[in-house]
Each structure stands twice: as C-alpha cells, then as structure tokens.
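Here is the structure we will look at.
The values are calculated or read from the model by the stated rules, or taken from the named source; none is laboratory data. On a predicted model such as this, the values are computed, not experimentally measured, just so you know. Every residue, glycine among them, receives a Cβ derived from its backbone with ideal geometry; neighbour counts consider all protein chains shown.
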Amino acid sequence: MKYSFISGGTGTPKLLQGFRTKVADDKIGVICNTGDDYRWQNLHVSPDLDTVLYLFSSRLDVDKFWGVKDETFHAVNTLRSLGEDIWFNVGDFDLGLHLYRTPRLETKSLTEITQEVCQSWGITADILPMANELVQTQIISNMGNLHFQEYFVKHRTNVKVSNVKFLSHKPKLTPEVASQMTQCNSIIIGPSNPVTSIGPVLSIPPLLIQLQHNRSKVLAVSPIIGNNAFSGPTISLLHSQGIEPSPRGIANYYRSTISKLVLSPSDMDYKQDILDCDIEPIFLNIDLSTQAQKEALAEYLIDLL
C-alpha cells in the first residue's frame, strides 16, 4: 500500500507524523506546495517543501512546525546589527539548505535538487515539489498586493484580505508527480489551509486534471470543525474566495477532486450536504493536537483505505 499526500506547511505534516509510526517512509509520497516560495537575500527559500524535508530527516522543530530544532540565528542577527530590516527569520542550518539549492537552480530543476537532498539525508519517502516552474501566491489586501510571506510573516496576517491569486508561468505536471499519483493506492489532501496551502496545487491545470482523473482514490481531511479552523487565517482566507467556512464549504471547494471527506463527529449535521456533493463523509476525530491523536487518525485512515 502506497500513500500520496498533498501538503502545505503545518496541517498535513502533523498528519504525516502519525502515518510515519504506522507505515514505512518508502510507502509515503508527498507533493508539496511551493506557492509560498520566497526570494530572501537572493536565496530561494521553499518553506512548505523544507518543512517536509526536515520532518522526514528528523530535523524539524515540531514545536513551531517550521525551521530546524535547536536552531541558531547568528547570520540574521549579524544582518540586523548592520542595519538590515530582517523580518523573515532564517536560521543558520536552514540557511545552509538555501545556499545549497539556489546556485543549482541555474542548471537543475527544483525536483532534481529535492531528490538530491533526500538522497544526502537518507530520506526514503518520495518528496516532490508540486511543480518546477514558479507559482506565486499573492494576497490582495488593504495594504496592496503582498507576497504570501509578507502577509503571513511580516504583517502576521493583520491585513484585510479581499482576494488570493496564483501568479504562474504555465507550470507543467512533472513526470515525478504524475508517476506518484498514478502508482499510489490513495491520495490524501491533508488538513492544510485549503486556499494558500492546497490552492496553489489546484491552480496548476494539468495537476488538477490528474487529481480529477484519480478522484476515486482521493480523500481530504477537513481543516475545520464547524465554523472554526484549527489554526491560522483559514476562515478569513475562505471568506476572501467566497467559500463558506464550514464542512459544506470545504466539500464544495474540493468536490471535483475528492471522493471522501473526513470530518469531525460534531459535524454530523452536514452529512447530507457532503453526500449532495457526491462525496462520502467519514466522521473521525480530526484533532491533531497530540501525537496520540495523530497516530489514531493515521490508523483509522489506513484501515479505511
């Protein structure tokens, strides 16, 4: 049995923590959002992709769910001491990965470089960027058009969002992503933010078509219970896209790509709404606050799939 995950930076990696205790890493594939990739000090940073790389190499700071555990910040502190306006916090270990990646992008694809990192770090999971071409998540707000990192890190989401757009240069479906999605038994869209973590993936037309072709084996885990999100600005971002912030809204958003939706037992009232979207509702505890909860949900899903 092989599992492919569509992942953003927090929700899906938490679910992956549970899955890794139940199945071998070489049975897991992850297609990572790169819509929030950022050019920092002329270095290419891939925050969501790197979170997954750090998770599978046992380097991730699982308290923050970004960056490396026991990280130091000497480089950025030096820049600050020199008067640089540093709002994007890059640790020293993290910096090393960006220094490795950036010059190689002149001659290699992001997929190739990611595979090199996996090989060097002994990662046996099949970790892939969603595309090799640039797809940039842009937040349309009362403070102008912002890169996602400006919105999320610099302004800490304290802006009024009117829309979210994905700027791209005709990204292609990579052979590696197509192969992973075809060869796996199940595709799981994790409980990451539907708009800014999963939305960039769905914005790639050939990748969306591939998901739709595989709809019968695609399952999503809801990122919300009732009208409340587990974390982050999910609710306001759903509103900005005209998506109802409820399990019904999530089902409508994913209706062309998924055949099953996992949601909280407290949302049983939405059962018929989910069925009306031609999606099978599955009611499980989707709270991933503890490791025990992550492992329990993973075990339920493995038995289900």
K170 is checked against (1) in a helix (DSSP H, G or I); (2) modelled with pLDDT under 95; (3) closer than 28 Å to I113 by Cα and fails just one. What number does that condition carry?
(1)
Where W87 falls short, out of the listed (1) within 30 Å of K172 (Cα to Cα); (2) touching a residue at least 60 places away in the same chain (Cβ under 8 Å)
(1)
It is to be established whether one or more residues within segment 50-57 are in contact (Cβ under 8 Å) with a residue 12 or more places away in the chain, part of a loop (DSSP other than H, G, I, E, B) and within 29 Å of M130 (Cα to Cα).
yes
Taking the conditions exactly as written (touching a strand residue (DSSP E or B) at 6+ places or on another chain (Cβ under 7 Å), among the acidic types (D, E), in a helix (DSSP H, G or I) and surrounded by 16 or more Cβ atoms within 10 Å (Cβ to Cβ)), does D273 satisfy them or not?
no
Pairs with Cβ under 7 Å, 6+ apart, first in segment 10-34 and among the small types (G, A, S), second assigned to a helix (DSSP H, G or I):
G18/K294; G18/E295; G18/L297; G18/A298; G29/Q180
Of the residues that make up segment 69-89, is at least one in a loop (DSSP other than H, G, I, E, B), touching a strand residue (DSSP E or B) at 6+ places or on another chain (Cβ under 7 Å) and farther than 24 Å from T290 by Cα?
yes
Restricting attention to segment 183-208, which residues are β-branched (V, I, T), closer than 20 Å to Y3 by Cβ and part of a helix (DSSP H, G or I)?
I198, V201
Considering (1) of a type in the set (A, V, I, L, M); (2) surrounded by fewer than 16 Cβ atoms within 10 Å (Cβ to Cβ); (3) under 16 Å from G8 (Cα atoms), say which one M143 fails and leave the rest.
(3)
Checked segment 125-153 for anything assigned to a strand (DSSP E or B) and in contact with a Phe, Trp or Tyr (Cβ under 8 Å, 6 or more places away or on another chain); matches are I127, V135, Q136, T137, Q138, I139, S141, H147
Please determine whether any residue of segment 245-261 is farther than 25 Å from F65 by Cα, in contact (Cβ under 8 Å) with a residue 60 or more places away in the chain and either assigned to a helix (DSSP H, G or I) or of a type in the set (D, E) (or both).
yes
Search result, residues across segment 70-110 that are in contact with an Asp or Glu (Cβ under 7 Å, 6 or more places away or on another chain) and loosely packed, with under 14 Cβ neighbours inside 10 Å
T72, H74
Scan segment 222-237 and give yes if some residue there is out of contact with any Cys (no Cβ under 7 Å at 6 or more places or on another chain) and under 20 Å from I31 (Cα atoms), otherwise no.
yes
